[in-house]
1. Which of the residues that make up region A:87-103 are within 16 Å of DNA strand B (Cβ to nearest atom) and either touching a helix residue (DSSP H, G or I) at 6+ places or on another chain (Cβ under 7 Å) or part of a strand (DSSP E or B) (or both)?
2. Which pairs do you get when a residue that is at positive phi, found in region A:231-257, comes within reach of a residue that is more than 16 Å from DNA strand B (Cβ to nearest atom), reach meaning Cβ atoms under 8 angstrom, with the pair 6+ apart or on two chains?
3. Would you mind telling me which numbered condition in (1) more than 16 Å from DNA strand B (Cβ to nearest atom); (2) crowded, with 20+ Cβ neighbours inside 10 Å residue A:37 fails?
4. Looking at region A:220-249, which of its residues are within 12 Å of DNA strand B (Cβ to nearest atom) and surrounded by fewer than 17 Cβ atoms within 10 Å (Cβ to Cβ)?
5. What residue, of A:76, A:46, is more than 12 Å from DNA strand B (Cβ to nearest atom), within 27 Å of residue A:252 (Cβ to Cβ) and in a strand (DSSP E or B)?
6. Name the residues in region A:210-219 that are at negative phi and more than 9 Å from DNA strand B (Cβ to nearest atom), would you?
7. Can you name every residue in region A:170-195 that is closer than 26 Å to residue A:209 by Cα and at pLDDT 95 or above?
DNA sequence: ATGGTCGCGCAGCGA
């Protein structure tokens with residue numbers, strides 16, 4: 001099974017590139033973030049035309065997540081399990097695809113360390129861990145994919161000095177990620193690649209992409225039984241190039257399933 | 001050294 005995740009930064013603007021990418025990357029399951037589309041505006045038929053079922057959870061303007069699958073899509077749940085209020089923000093969507101409990105996540109940015117937005121980000125990560133623990137088993141097939149807005153360690157940041165104090169790299173954010181690891185999730189990309197400067201996001205400004213100034217903040221956190229079946233992992237930098245790119249590259253993961 | 005770009009939507013905010 002080929003599982004992919006991509007923060008597309010507006011699916012409306014990016015649809016043609018997403019269709020093109022699906023055409024050559026051929027994911028079985030694709031998690032999308034920052035669709036910026038209300039569910040009524042989601043281009044469901046464009047995905048159906050390519051052979052995918054789709055579930056979406058968006059609010060328009062901001063956020064918005066979706067899962068497209070050509071290997072089945074069942075038991076979709078928007079937001080945190082059992083929390084109707086939190087489901088209003090389009091940041092979390094879970095569904096079962098070919099026996100894997102897949103979640104597409106868009107973690108809040110946090111803005112600046114110590115701000116109320118930062119505290120909300122930490123709380124959101126705690127709720128995500130609780131959601132995963134409440135709805136799945138670490139011995140089962142679980143994949144939590146998306147834009148975590150956290151760079152797991154110093155290798156995941158273009159400049160080591162940025163790895164101290166700032167948002168995305170703070171100890172508190174990394175500790176929240178560690179809690180998910182402690183529950184039983186594995187950073188799938190790191191299982192395949194140990195090198196530094198393998199980024200998934202680059203700021204649009206100042207030619208950061210071409211200067212290799214980025215971060216690895218898009219992750220697939222998978223349970224050990226799924227990690228044991230991982231055969232290939234790639235960040236598709238090609239998809240960050242050319243006309244009208246997202247500021248994030250898509251990632252893909254092959255599992256022997 | 002500084003500021004730099006997008007998307008949304010029509011001003012300025014969020015990233």
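1. A:92 - this is the single residue of region A:87-103 that is within 16 Å of DNA strand B (Cβ to nearest atom) and either touching a helix residue (DSSP H, G or I) at 6+ places or on another chain (Cβ under 7 Å) or part of a strand (DSSP E or B) (or both).
2. Here the result reads none, with nothing in region A:231-257 linked to a residue that is more than 16 Å from DNA strand B (Cβ to nearest atom).
3. Result: residue A:37 fails condition (1) only.
4. Answer for region A:220-249, where residues must be within 12 Å of DNA strand B (Cβ to nearest atom) and surrounded by fewer than 17 Cβ atoms within 10 Å (Cβ to Cβ): A:241, A:242, A:243, A:244.
5. Sole residue among the options that is more than 12 Å from DNA strand B (Cβ to nearest atom), within 27 Å of residue A:252 (Cβ to Cβ) and in a strand (DSSP E or B): A:76.
6. Listed by number, the residues that qualify are A:210, A:214, A:215, A:216, A:217, A:218, A:219.
7. A:173, A:174, A:177, A:187, A:188, A:189, A:190, A:191, A:192, A:193, A:194, A:195, listed by residue number.
The values are calculated or read from the model by the stated rules, or taken from the named source; none is laboratory data. Given the structure is predicted, the values throughout are model-derived calculations rather than measurements. Please note: Cβ atoms are built from the backbone with ideal geometry, for glycine as well, and neighbour counts cover all protein chains shown.
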